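Comments concern the structure below.
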Amino acid sequence: MSTITIGVDLAKSVFSVCETDGVGRALRRQDLKREAFAVWLTQVPAGTVVAMESCSGAHHWGRRCLEYGLQPRLMAAQFVKPFRKSRTTKNDRNDAEAIATAARQGNMRFVPVKTIDQQARLSWHRVREGYKVEDLSISNRLRGLLAEFGIVVAKGDQALRVALADLDQHTTLPPEMGELLRGLSAHWTQVRTAVDACGAGIDAHARMDERCVRLRAIVGIGAITADAAVVTLGDAKVFRNGRQVSAWLGLVPMQHSSGGHARLGAISCRGDGYLRTLLIQGARSSLNRAKVVSVANSTAEQIWIRQLAGRMPFGKVLVAIANRDARQLWAMLAYDADAWLKHPMVQRPACKRAIAMRSMA
């Protein structure tokens with residue numbers, strides 16, 4: 001019987017491969033080094049399903065499979081784990097077989113293969129987050145070193161910069177400590193400059209992408225959130241509706257339902273944590289803006305937010321707003337910008353005028 005599914009356990013150097021037939025029986029197992037695996041892929045018959053876990057390097061190999069006419073199937077590792085035969089014995093060969101078995105399930109959810117442009121733009125976000133972590137680490141290190149000599153700095157980066165500028169006024173600091181702190185302060189300045197440079201690069205990407213421009217019309221969605229949503233979701237039509245996007249981002253409660261009784265628990269917080277965090281921060285901005293605007297000048301959304309804030313805890317309000325924003329993001333990415341022109345209720349003369357105005361613009 002011909003091979004229809006191949007499970008690959010990816011690694012840095014040695015890849016484990018398991019070939020299965022139409023009934024899921026393992027036909028062949030082999031371990032290949034990185035160069036040999038690249039050559040072996042070119043020999044696999046076109047149309048073969050090649051399944052992998054969605055981990056580091058998976059999208060690169062997924063694109064290689066597409067070049068060779070193969071069908072890559074990327075899955076989350078949590079979906080593969082139940083198909084491993086032994087829960088106590090974990091090795092590369094068992095993982096490859098479990099990947100091949102999981103890929104044959106009719107209800108399995110797969111991760112779309114990201115393009116090079118998507119991964120390149122996401123890299124700007126990852127590098128920026130790394131610089132932010134380093135920024136916070138350096139500032140805390142500076143505060144800790146100053147506290148060792150009795151110099152306690154108030155909260156905020158501005159207060160820390162003022163304290164570092166007046167090091168000469170502190171007689172309790174040894175001379176060599178002043179030189180050490182100045183060098184660390186210069187490094188801190190470089191890291192903050194790198195954070196701003198990454199933010200400027202992300203903003204430039206968002207300005208050149210028409211989809212990001214449309215998403216920024218939503219209150220609470222800025223350049224960073226819009227760019228992250230576009231490159232992370234990719235083809236939004238992969239999701240059937242906005243509810244799936246919310247669940248994928250972990251903005252819905254967990255369920256513990258049985259016997260027809262629905263029991264909802266805490267927010268799942270699963271999926272892409274970075275995009276979820278951006279949406280939560282945007283929701284915080286929307287909530288603050290809704291509280292400041294007077295009732296007479298409030299929009300329908302701001303009135304809804306004020307009503308939520310009046311009957312729900314602060315954290316739940318933020319999640320509810322982020323959930324709404326996630327669904328709006330999906331709708332604006334999944335549907336054509338001119339889809340409303342195709343609606344039967346739109347009059348033809350008005351439709352033609354709108355098209356003419358768009359062409360003139």
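Think of a 1.4 Å ball rolled over the protein heavy atoms: the chain then has 58 Å² of accessible area per residue. Taking every lysine pair in the chain that is 8 or more places apart or spans two chains, those with Cα atoms closer than 19 Å amount to 8.
Here the dipole of segment 73-222 is about 1320 debye; that uses its Cα centre as origin and unit charges on the Cβ of Lys and Arg (positive) and Asp and Glu (negative). Rounded to 0.05, the FRET efficiency of the Ser268 and Gln43 pair, given R0 = 45 Å and the Cβ-Cβ distance, is 0.60. Here the calculated FRET efficiency for Asn288 and Ser257, from their Cβ-Cβ distance with R0 = 41 Å, stands at 0.70, rounded to the nearest 0.05. Computed over Cα pairs, the Kirkwood radius of segment 52-128 leads via Stokes-Einstein (1.567 mPa s, 4 °C) to a diffusion coefficient of 95 µm² per second.
Springs between Cα atoms under 10 Å define the GNM used for the chain, and in it the highest mean-square fluctuation of Leu173, Leu308, Leu70 occurs at Leu173. Extending 7 Å from Cα along the Cβ direction at Ala26 and again at His60 yields two label points whose distance is 2.7 nm. Computed from backbone phi with θ = phi - 60° and the Karplus coefficients 6.51, -1.76 and 1.60, the 3J(HN,Hα) list for segment 33-41 is 6, 4, 5, 5, 5, 5, 5, 5, 4 Hz; x is used for glycine and proline. Within the accessible surface of segment 186-318, defined with a 1.4 Å probe on protein heavy atoms only, the carbon and sulfur portion equals 55 percent.
Note on Val295 and Ala186: the model spin-label points, each 7 Å out from Cα along the C-beta direction, lie 6.0 nm apart.
Ordering of 56-69, 78-91 by packing is 56-69, 78-91, highest average first (other Cβ atoms within 10 Å, averaged per residue).
How would you order 326-332, 301-307, 114-120 from highest to lowest mean count of nearby Cβ atoms within 10 Å? Let's see the in-between values first.
Working: 326-332: 20.3, 301-307: 16.7, 114-120: 14.0.
Listed from highest to lowest mean packing, they are 326-332, 301-307, 114-120.
Per-residue packing, averaged as other Cβ atoms within 10 Å, sorts the ranges 202-208, 263-269 into the order 202-208, 263-269, beginning with the highest. Take Val213 and Ile303, extend 7 Å from each Cα along the Cα→Cβ direction, and tell me the distance between the two endpoints in nm. Simple spin-label model gives 3.2 nm for this pair.
Between the C-alpha center of segment 290-311 and that of segment 181-200 there is a gap of 39 Å.
The values are calculated or read from the model by the stated rules, or taken from the named source; none is laboratory data. Owing to the predicted nature of the structure, the values given are computational and were not obtained by experimental measurement. Reconstructed Cβ throughout: ideal geometry from the backbone, glycine too, with neighbour counts over all protein chains shown. When the accessible area is computed, the model is the full protein with side chains, heavy atoms only, and any ligands, DNA or RNA have been set aside. Shrake-Rupley method; radii C 1.70, N 1.55, O 1.52, S 1.80 Å.
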